[in-house]
Structures are given as C-alpha cells and as structure tokens.
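Here the structure is laid out as structure tokens; the discussion comes afterwards.
The values are calculated or read from the model by the stated rules, or taken from the named source; none is laboratory data. Since the structure is predicted, the reported quantities are computational estimates derived from the model, not experimental observations. Ideal geometry is used to build each Cβ from the backbone, glycine not excepted, and the neighbour counts take in all protein chains shown.
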Amino acid sequence: MPPTDATANAGTAPVTDTGTTSPTAPESRIGPAADAGADSEDTLDLHLPDEFVALFAEDTGADGSRSLGATATATATAGQAGASATSAATVEREGAGAGTTTATCAPEAPPASTTPNPDDLLGGVADWGPLSTPAGALHLVPVRIERDLPIISRWMNDPAVTAFWGLAGPDNAIEEHLRSQLAGDGRSVPCMGLLEGTPMSYWEIYRADLDPLARHYPARPHDTGVHLLIGGMGDRGRGLGGTLLRAVADLALDKRPACARVVAEPDIRNTPSVAAFLTAGFRFAAEIDLPAKRAALMIRDRSLRHLL
C-alpha cells in the first residue's frame, strides 16, 4: 500500500486477490414425462402455421433434385456467417494474452485508436486538466520516469520526508516504486503537481477499494485514495497542503461520479499532515493499524463536501 499523506509512509504496491467461482448448474425445469398416449394424440392433431411451412418448403429443380426454400437457405447462410465471426473474435481474444479465459461469444478487440487508457480505473487522471485554487493553477501530470525521477528522488531523500515515506536511497529504489504503479492496471497513478507551471508536489491518486488498504477499513466501491508530498521546504508550513488537498479531493469527486468518498491514511504521528486533511474538509474516521504504521483514516464525503 503506497504512503498517503503530505509526508506519509511508503507501503507495498497495490495488489488484488483474485479467485475463480463456478456458477452452480441450474436445476432442470423439465417435469416428469407425461402420459405417452395423451402426447401422441396432441401431436397428431397439431397443425403447423402456413408461415412455418413456407419457411421450410422444398423446391424441386428441373432435374428432379430437391433443395431448401429461399427463406431457409438465407437463414442457414446467415447462421454460418455468424458462427464464423464468433470464432474469429474468440481467436483474437485468446491471442491478447496468456491465461485469458475466453467466452464462446467474446467480442472483437477494439481498434488501437479506441483502446482504453491505462488509468481508466480512475477515469483518466491524465485528462483531468488544471484546476484553479486559491494558491494558483494546479495541474496533476502523470509521472514520466526520465523527466521526474531526479526531483522526486531529491524530495524523498529529505530527512523530514524520509521519516514518513521511507523511500530514501538511490534512484533505482524510488524508480522501482514509481514503475510498479506505471506498469500496473491503472489503479494507482503517480503524478507531479505543477503549481503555476512549477513542480512542487508529488501525488498518488489511487483506487482505495482495490488497494490493500481496503482490508483495514470498511471500503466502498470506487473509494478514491490520495497521497501527497509537498516537495520544497519553501512550500511547507504555508497552508498549501490543506488548500491543494481540498481542490484535488473535489476534483476527484467531480471527475468520478461513481465515487462517494475520497480517503487518506496519514501517519497518526504526523500532526501537520492530519491537520492539513482536516483543513481540506476531511473528517477523522478512525485509527487503523497498517503494516508499516498506525494511521488516521481521513474521509471526505461527497454528501458533506459543501459543509466541511
């Protein structure tokens, strides 16, 4: 579980337990066999509609050969074409990756131009765009290793940050932390926070309901988690944390209609961070024990956003 506050602890990369369930075979709805004599009489008295007879009428050719009527032939041809399309779609789907379970009627893979972005689990954080805050325009830009690793590494090696994030060390350790998210399925998106165009913060926007954090609190579907690190010393102690957290939490609620709550879990010892979340309209929900820390569970509710 990644760290979660303005100076929060580092944790493990998000994982999801998966399992396979087999649907129970439905009970047969066919009743006991009825009296054979009664069935035979009903069948003998059955008269087929004229349309049904015409569908399967046989034509006799000049040479005496017999073939299906035009309507039946068209129906059979369409059925064969549908079966061929289904088979082709199934082959494409199976070729998408090893271990993929394919349904008989699997749809064709979408064209490359419509393939979902890797961060679709969060609704496309890269497209959230800049937002106006009392401190200026803030833009969350997904991390690019070659561009952002040096500055993130410098921030993580600040002694004031190390105590809570635990990512101090050579660049390769921090790079591994970033790549574990960038190479994932989009449930966590690391971002640089640009205030008026200047990099000054590091963010992680993640699906809390799909994160190991969900094992430690009563998670709800689409809960969105937020981690924040204010990078430069000159930007700390000015109230920026609360201002930016409120703006980003509201942005997440605006961009993710299915999300009813934004959550965070700063280290309970990190009083300035807890205070920043309270200033941002989060409420203190509980103390929870996580693998690397005792945390304050902070929640910003959609229903209370205009009251707190």
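Restricting attention to segment 166-177, the residues that are hydrophobic (A, V, I, L, M, F, W, C), in a helix (DSSP H, G or I) and in contact with a helix residue (DSSP H, G or I) (Cβ under 6 Å, 6 or more places away or on another chain) add up to 1. The lone criterion from (1) under 16 Å from LEU140 (Cα atoms); (2) buried (at least 18 other Cβ atoms within 10 Å of the Cβ) left unmet by ALA214 is number (1). Residues ALA258, ALA173: which one is among the small types (Gly, Ala, Ser) and modelled with pLDDT of 95 or more? The conditions single out ALA258.
Evaluated against (1) free of Cβ contacts under 8 Å to residues at least 40 places away in the same chain; (2) closer than 17 Å to VAL161 by Cβ; (3) under 17 Å from the mean Cα position of the chain (by Cα), GLU204 falls short on exactly one condition, (1).
Given GLY129, GLY136, GLY166, which one is on the phi > 0 side of the Ramachandran plot, surrounded by fewer than 19 Cβ atoms within 10 Å (Cβ to Cβ) and without any contact (Cβ under 8 Å) to a residue 24 or more places away in the chain?
Answer to the check: GLY129.
Looking at the structure I just gave you, is ARG238 more than 17 Å from VAL125 (Cβ to Cβ), touching a helix residue (DSSP H, G or I) at 6+ places or on another chain (Cβ under 7 Å) and modelled with pLDDT under 95? Taking the combined requirement at face value, the residue does not satisfy it. Look through segment 225-269, keep the residues that are part of a helix (DSSP H, G or I) and charged (D, E, K, R), and return whichever of them is nearest to LEU308 (Cα to Cα). Only one residue tops the list, namely ARG246. Check whether at least one residue in segment 247-267 is more than 22 Å from ARG187 (Cβ to Cβ), out of contact with any Pro (no Cβ under 8 Å at 6 or more places or on another chain) and free of Cβ contacts under 8 Å to residues at least 60 places away in the same chain, and report yes or no. Checking segment 247-267: not a single residue is more than 22 Å from ARG187 (Cβ to Cβ), out of contact with any Pro (no Cβ under 8 Å at 6 or more places or on another chain) and free of Cβ contacts under 8 Å to residues at least 60 places away in the same chain. Against the test of being small (Gly, Ala, Ser), out of contact with any Cys (no Cβ under 9 Å at 6 or more places or on another chain), more than 16 Å from VAL274 (Cα to Cα) and surrounded by fewer than 23 Cβ atoms within 10 Å (Cβ to Cβ), the options ALA208, ALA219 yield a single qualifying residue, ALA219.
Note on segment 183-205: among residues that are hydrophobic (A, V, I, L, M, F, W, C) and either at pLDDT 95 or above or crowded, with 18+ Cβ neighbours inside 10 Å (or both), the one that is nearest to ALA249 (Cα to Cα) is ILE205.
Suppose we filter segment 270-304 for residues that are in contact (Cβ under 8 Å) with a residue 40 or more places away in the chain and part of a loop (DSSP other than H, G, I, E, B); how many remain? Result for segment 270-304: 3.
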